[in-house]
1. Pairs of alpha-carbon atoms within less than 8 angstrom and 6+ residues apart define the contacts here; what relative contact order does region 32-139 have, in percent?
2. Subtract the Cα-Cα distance of THR41 and ASP86 from 0.36 nm times their separation in residues, and report this length gain in nm to one decimal.
3. At 0.36 nm per residue, minus the direct Cα-Cα distance, what do ASP113 and TYR132 gain on full extension? Give it in nm, one decimal, please.
4. For region 111-116, just list the computed ³J(HN,Hα) in residue order, Karplus coefficients 6.51, -1.76 and 1.60, θ = phi - 60°, integers in Hz, with x standing in for Gly and Pro.
5. Determine the sum of side-chain charges near VAL71: Lys and Arg each +1, Asp and Glu each -1, restricted to other residues whose C-beta is under 10 angstrom from that of VAL71.
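What follows is calculated from the coordinates using simple rules that are stated; it is not laboratory data. Values in this document were obtained by computation on a predicted structure and should not be read as measured data. With ideal geometry, Cβ positions are generated from the backbone for all residues, glycine too; neighbour counts draw on all protein chains shown.
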Amino acid sequence: MNPTHPAFRACLLSLAVAALVVSSISVARVHGKDDPQTLSTFMRKKLDASSLILEGITIEDPKLVSEGADVLLEMSRTEIWNVLTDEDYREFNREFRSSVRKLKEAVGDKNFDNATLQWMDSVKACVECHKYVRSQRPVLKKQ
Ligand code: HEC
């Protein structure tokens, strides 16, 4: 077909539109907000990181604890973690991150008693944030 033919142009245009639609769908998937399965899969990775931390504390392996803590710190900075953006949610997140950072410092000093306390604080922060998230369910986009 002649490239200047109107039918050829129309065809190119519809291909471009299709490509745009497909790419915006995959962006939504990566961000996960429109896909509860992806949000859920992302959130459940916190359990793996937590298990690594617990293992590290119990066998006194600072590397495992740091590794798990880094995963949690990294995750809690992402857009998908921040499904809620209000001030209360941010405050829960700050408290959580602060406990996880103290946990990292404690294992850095090989102080596993302190690490245990800091991990308990972190777990309390997990629970507190979830309580808050449940109270905000109607605001959550995926509902
Ligand atoms: C600052 C808030 C916040 C903190 C802190 C937090 N979470 Fe979450 N978590 C969420 C949100 C938001 C969801 C998604 C809520 C939903 O699915 O309704 C979630 C979901 C989950 C889920 C359910 C995933 C599913 O759908 O099956 C698990 C499990 C989870 N979090 C574990 C943890 C663990 C473990 C910690 C601590 C190490 C933690 N979370 C800390 C906000 C938080």
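1. 22
2. Gain on stretching THR41 to ASP86: 13.9 nm.
3. Gain on extension, ASP113 to TYR132, equals 3.9 nm.
4. Along region 111-116, the couplings run 9, 6, 5, 5, 4, 4 Hz.
5. -2
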